[in-house]
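This report refers to the structure that appears directly beneath it.
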């Protein structure tokens, strides 16, 4: 409704150029309806999840399902259960630490290599860059990767969730392109004239000029670590405290497809989870992403496009 | 360490303004000059060596009858036997076909959906509507597959929101989340829900780089809305379309693992088995190491060939592609 209102208002204060013919009313209506439906298909489920997570048990039973759009009675019981200590709290904490530590390690690797390979004419930079670029073309395969993690003794350790995927070649190339194209070479040369070494140039000249793109890349890494699921299934099935996505999956499995669902897989909480509890876990996994989102939005498309085209 | 410390100050002191002479320096001089750069690159190179190149070389066990309980050299070489076995395996071909099916759906229906969304968005004049819609539609791109599947189960599952509405209205329970016949469509829907908005953003960024005066000139010359789209908009975003097409084609055997593994229990393995899940269940869960590795290597090599061929074709068609010919 509101979107439609905005649509009809927009032509008046519009920046529609004079040469552009006004579309037909019918065409506009179809377009508005399509956009509203598409947006609703994304917003409504998320809204229902949030609403359900705050619903009391009675309100849920009255609604008769595991999801409702308007809770008649609010309750924060589910969140008390998640954050009040116990398996779910531990899992959230572990995932937060994993995200923070993993992102830090990834950033050190990415920044170092992006700058190290960005100086024109430096020793070996071309073959080393080729080594990085080749990772775009080929994947070593699941079992060989597993074998190496096993040989290093990293199975069932949190390191196996960080180290094997710590470097994203795409991020490296995007950042390198930024260092080469958007940090003025004169500034670097001037710093060199003043006798600054490469480390000093990196920290005092290059990084301060790249804050926005560094933040975006860090956020992309962070989202990746936060969403870790496959690596946990593959490398750390024996860990007692699993990343939050694995816990969520176990909760989901415990009720999915109702009759004959495998409840044995569910280990994270004491009893079978209520719908509100499940949805509260979902909300907990969404919240950090929604917090990061506006920032990603502000800066990242430019970074992606420059990287995609220049990389 | 001492060598590095003693050599560093003179090297960096001499650095400025001499870059034209760099090529004539000896290896030792260049090393003295560039060691900080190499040192910065080292952690990433170690990561690549340990977690990319070392596992890549382990693919050799696809040509052996490998067992982790023997020393490496005791494993007999069997040549291409496992690759032959792949095609007589009753589960490999269905997994390969499923993978190709999901890939094709992605290519034929998701890719154009992103372009269509971008074109529609591009035609919306109001910046307010644009920014609101944009922020909504690509939020799910950052959701994990666990989250996406959970939300789908909650909304479309047997006990979900829609099912309850239908029951309340006297209809039947909706059961598409565990129905193998509808899974293909469902998988596409999940994919579209998660990723179409992201694709739209990429194309929108490409659309924004088209010079608006081109549109004006065309309009003045009497080109209508559709003509302008065909002759200006589409050529304007063609490099990005080609780039993404190449990447898609190179990844044609990679449809992801999580979406299918997550729904395997509910839908059954016949419909959800793709190459990645095949490798996982064979090599890791049932310990057919060499066989699983062969399946993975098959996927890796085909991907490599496809991306090189696609890029080559793009070059021949006069497009930039993903890398330049040197």
Candidates A:104, A:51, filtered to the one that is without any contact (Cβ under 8 Å) to a residue 24 or more places away in the chain, in the same structural domain as residue A:210 (by TED's automatic domain parsing) and assigned to a helix (DSSP H, G or I): A:104
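Condition check ((1) within 14 Å of chain B (Cβ to nearest Cβ); (2) more than 30 Å from residue A:177 (Cβ to Cβ)) across all residues:
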site	(1), (2)
A:82	no, yes
A:90	no, yes
A:109	yes, no
A:115	yes, no
A:125	yes, no
A:130	yes, no
A:134	yes, no
A:146	yes, yes
A:155	yes, yes
What single numbered condition from (1) at the interface with chain A (Cβ under 9 Å from one of its Cβ atoms); (2) surrounded by 19 or more Cβ atoms within 10 Å (Cβ to Cβ); (3) farther than 23 Å from residue B:102 by Cβ fails to hold for residue B:279? (3)
Kindly provide the set of residues from the stretch A:174-195 that are farther than 19 Å from residue A:123 by Cα and either surrounded by 16 or more Cβ atoms within 10 Å (Cβ to Cβ) or outside the structural domain of residue A:113 (by TED's automatic domain parsing) (or both), ordered by number. A:174, A:175, A:178, A:183, A:191
Take the residues in the stretch A:130-161 that are touching a residue at least 24 places away in the same chain (Cβ under 8 Å) and farther than 21 Å from residue A:235 by Cβ, then tell me which one is nearest to the chain's Cα centre (by Cα). A:136
Please go through the stretch A:223-252 and pick out each residue that is over 15 Å from residue A:92 (Cβ atoms) and touching a residue at least 40 places away in the same chain (Cβ under 8 Å). A:223, A:224, A:231, A:234, A:235, A:236, A:237, A:238
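Examine the stretch B:257-265 for a residue that is surrounded by fewer than 20 Cβ atoms within 10 Å (Cβ to Cβ) and part of a helix (DSSP H, G or I), and state whether such a residue exists.
Yes.
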Filter the stretch B:150-176 for residues that are within 7 Å of chain A (Cβ to nearest Cβ), part of a helix (DSSP H, G or I) and in contact (Cβ under 8 Å) with a residue 12 or more places away in the chain and give the result. B:153
Among the numbered conditions (1) in contact (Cβ under 8 Å) with a residue 40 or more places away in the chain; (2) under 21 Å from residue B:39 (Cα atoms), tell me where residue A:205 comes up short. (1)
Residue A:118: passes all of (1) over 30 Å from residue B:156 (Cβ atoms); (2) in contact with a helix residue (DSSP H, G or I) (Cβ under 9 Å, 6 or more places away or on another chain); (3) assigned to a helix (DSSP H, G or I) but (3)
Looking at the structure I just gave you, is residue B:301 buried (at least 20 other Cβ atoms within 10 Å of the Cβ), within 30 Å of residue B:114 (Cβ to Cβ) and either modelled with pLDDT of 85 or more or touching a helix residue (DSSP H, G or I) at 6+ places or on another chain (Cβ under 7 Å) (or both)? no
Do we have residue A:179 as at the interface with chain B (Cβ under 10 Å from one of its Cβ atoms), more than 15 Å from residue B:47 (Cβ to Cβ) and either touching a residue at least 24 places away in the same chain (Cβ under 8 Å) or in contact with a strand residue (DSSP E or B) (Cβ under 6 Å, 6 or more places away or on another chain) (or both) here? no
Matching residues in the stretch A:54-87 - criterion: being in contact with a strand residue (DSSP E or B) (Cβ under 8 Å, 6 or more places away or on another chain) and touching a residue at least 60 places away in the same chain (Cβ under 8 Å): A:54, A:55, A:56, A:75
Given the residues A:44, A:92, which is the only one that is in the same structural domain as residue A:250 (by TED's automatic domain parsing) and under 27 Å from residue B:191 (Cα atoms)? A:92
In the stretch A:217-237, is there at least one residue being surrounded by fewer than 15 Cβ atoms within 10 Å (Cβ to Cβ), over 21 Å from the mean Cα position of the chain (by Cα) and within 24 Å of residue A:108 (Cα to Cα)? no
Please specify each residue of the stretch A:19-41 satisfying the condition of being in a helix (DSSP H, G or I) and either within 20 Å of residue A:248 (Cα to Cα) or more than 8 Å from chain B (Cβ to nearest Cβ) (or both). A:25, A:26, A:27, A:28, A:29, A:30, A:32, A:33, A:36, A:37, A:40
Criterion first (under 30 Å from residue A:217 (Cβ atoms) and more than 12 Å from chain B (Cβ to nearest Cβ)) does residue A:75 satisfy it? no
Test: residue B:42 is over 25 Å from the mean Cα position of the chain (by Cα), within 14 Å of chain A (Cβ to nearest Cβ), at pLDDT 95 or above and on the phi < 0 side of the Ramachandran plot: yes
Residue B:254 vs (1) crowded, with 18+ Cβ neighbours inside 10 Å; (2) within 9 Å of another protein chain (Cβ to nearest Cβ); (3) within 27 Å of residue B:177 (Cα to Cα): all pass except (1)
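The values are calculated or read from the model by the stated rules, or taken from the named source; none is laboratory data. Bear in mind that the values here come from a model prediction, so they are computed numbers and not experimental data. We place every Cβ from the backbone using ideal geometry, glycine too, and count neighbours over all the protein chains shown.
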